[in-house]
Amino acid sequence: MTVAQPAAADSRLAIADILLLILFMIGIYTHYTLQISARIPFPSAPSGVAGMFLLWRRRNDIVASHLAALLLVVLLYVGSILSASDLAHLGKRFTGLVQITYSLVIGYALFLTVIRANRDQIAHLFLGFCVVILIGCLCEDYLGLRPISDAVRHAIYKAIDVYDADLRDQILYGRIRPKLFTSEPSAVTFAYTLFGFTWLMVTRTRWAPLKYLVLMTVGIVVMPGPTLLLMIPLLVPYQLLRARSWSPAFVRMALLVGFAAVALAAFYVLGHSVFSARMRDIAQGNDASFFYRIEGPALVARDVIEHSPFAGAGLTGERFIADEVANVYMRSAAFSSAWDISDTSSVLTNYFWLHWIYLGLVWGTIVLAGLSFWLKVLGVPSVPFCWMVWIGLGQAAGAYVGPTTWTVLLLSAGCSVLADRDWSRAALIPAFPYPRPYIRSKSARRPMVLPRPQWRPGA
């Protein structure tokens, strides 16, 4: 199995690569979509453009085994859409296949770029993203940036996609949450969470988890939103990655389980203290956003697995199961009949559950195995780590076939390779390359005495 590795341990990305990474992340942050035709969108267009250039710049790093495994994944998706019922909808499913192939390809370009970088470069870049978001949100709240941000938002997004529940924000949070050139506040908090966790994965700074929690706390103050609390459970996969060298294995797993329990308890306590009003609405069934993001997609996934376990609804098949989604929601005690569910895709905003809705239990498992095989071919040190990050952030994002979903997976994969390479090197090279007894000052050194020649008699 061939693994793409940097040519040198201290290799650094060129300025052009850094600029392309910035453009790529702007696309992930804004989700700006261009409509190529009436039926084919160009999601996260800046990311697509940057991804193509990054792929060209990394063309010498592309490995045949990587492409073969990626082709296998695409063929598995082809098999899933051909196995789905009612082939009359094949055209829409093919559009979804094109989008997910595009997302995987540019994600692969991002992966190749990240593993060529220096850890400090990636850490500084993503910490910089977090600082820019913080400063931008403060400017929107206190320095008059909000009118400019709103004007840009209304210009680049469809009216139906623009968040306008400012009154709800004032009731729940006491103020209008910053949106900073995105369609909704949750897009800001999701990007901040992703960028902050990426910094944690690769930083060399001491007390990194503690500083990461400080970063989360500052984010909650500046841009309040429950999505930021996901930064706590994400510490569990981080510890899983760091604990790969711990032994014995039983102790390692016991410590990880204990740490996970503490992290989930902290998540629960903070959620009910910092966002008590929001949690009260969720408990009373008055929070449509939570239902569309967490409860509703899980209920629909269960219904699809029960009725179409083999191939699900097919890629991007929300509109074909609109009636089933409505029935499932209406039967739920947590659903309010006053909520609008006319646009099925906007009420299923959890890409983890969309995986099972689109593919069903059988094909969903097969595709998951294919993606895991691809990650192993890429040389990822811990496939479970990547899936834990993917599932965690999937609770705050939808659009299964879009670039954001697969950027989460492949960015975490690239950062794990980058971090594990340095941790492995540190384990192999001792802190003191020479034993201490042999390190002496000049005054303590004894003069070198050459042995006298031994003359034999008669020589």
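Going through segment 274-312 one residue at a time, which ones are assigned to a loop (DSSP other than H, G, I, E, B), under 27 Å from A88 (Cβ atoms) and of a type in the set (G, A, S)?
At the first step, the residues of segment 274-312 found to be assigned to a loop (DSSP other than H, G, I, E, B) are 275, 284-287, 308-312.
This time we only want the ones that are under 27 Å from A88 (Cβ atoms), so: 308-312.
If the condition is that a residue be assigned to a loop (DSSP other than H, G, I, E, B), under 27 Å from A88 (Cβ atoms) and of a type in the set (G, A, S), then S308, A311, G312 are the ones that fit.
Only one of T189, T182 is assigned to a helix (DSSP H, G or I) and in contact (Cβ under 8 Å) with a residue 12 or more places away in the chain; which? Before you say what the answer is, go through the steps one by one.
Numbers: T182 fails: assigned to a helix (DSSP H, G or I).
T189 is the lone residue from the list that is assigned to a helix (DSSP H, G or I) and in contact (Cβ under 8 Å) with a residue 12 or more places away in the chain.
Among the residues of segment 35-90, how many are of a type in the set (S, T, N, Q) and assigned to a helix (DSSP H, G or I)?
5
So, of the residues in segment 313-325 that are assigned to a helix (DSSP H, G or I) and either surrounded by 15 or more Cβ atoms within 10 Å (Cβ to Cβ) or free of Cβ contacts under 8 Å to residues at least 12 places away in the same chain (or both), which turns out to be farthest from the chain's Cα centre (by Cα)?
D323
Residues that are within 17 Å of the chain's Cα centre (by Cα) and closer than 30 Å to A14 by Cα: does segment 171-183 have at least one?
Among the residues of segment 171-183, not one is within 17 Å of the chain's Cα centre (by Cα) and closer than 30 Å to A14 by Cα, which makes the answer no.
Looking at Y157, Y102, Y173, which is the one that is aromatic (F, W, Y) and surrounded by fewer than 18 Cβ atoms within 10 Å (Cβ to Cβ)?
Exactly one of Y157, Y102, Y173 is aromatic (F, W, Y) and surrounded by fewer than 18 Cβ atoms within 10 Å (Cβ to Cβ), namely Y173.
Based on what the data block shows, is F310 farther than 21 Å from T198 by Cα, touching a Ser or Thr at 6+ places or on another chain (Cβ under 8 Å) and surrounded by fewer than 16 Cβ atoms within 10 Å (Cβ to Cβ)?
yes
If you go through segment 36-59 one residue at a time, how many are surrounded by fewer than 16 Cβ atoms within 10 Å (Cβ to Cβ), more than 21 Å from A399 (Cβ to Cβ) and modelled with pLDDT of 95 or more?
Qualifying residue count, segment 36-59: 1.
Which numbered condition trips up T33, out of (1) surrounded by 15 or more Cβ atoms within 10 Å (Cβ to Cβ); (2) among the polar types (S, T, N, Q); (3) touching a residue at least 24 places away in the same chain (Cβ under 8 Å)?
Evaluating T33 over (1) surrounded by 15 or more Cβ atoms within 10 Å (Cβ to Cβ); (2) among the polar types (S, T, N, Q); (3) touching a residue at least 24 places away in the same chain (Cβ under 8 Å) leaves (3) as the failure.
Residue-by-condition table, conditions (1) of a type in the set (D, E); (2) touching a Gly at 6+ places or on another chain (Cβ under 8 Å); (3) surrounded by fewer than 18 Cβ atoms within 10 Å (Cβ to Cβ):
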residue	(1), (2), (3)
A338	no, no, yes
I341	no, no, no
H355	no, yes, no
G364	no, yes, no
L378	no, no, no
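Under the condition of being polar (S, T, N, Q) and farther than 24 Å from L393 by Cβ, which residue from segment 282-307 is surrounded by the fewest Cβ atoms within 10 Å (Cβ to Cβ)?
Looking only at segment 282-307, we keep the residues that are polar (S, T, N, Q), and these are 284, 286, 289.
From the residues that got through so far, the ones that are farther than 24 Å from L393 by Cβ too are 284, 286.
Numbers: Q284: 9, N286: 15.
Out of the qualifying residues, it is Q284.
The values are calculated or read from the model by the stated rules, or taken from the named source; none is laboratory data. Everything numeric in this text was worked out from a predicted model, so none of it was measured. No Cβ is skipped: glycine too gets one built from the backbone with ideal geometry, and neighbour counts run over all protein chains shown.
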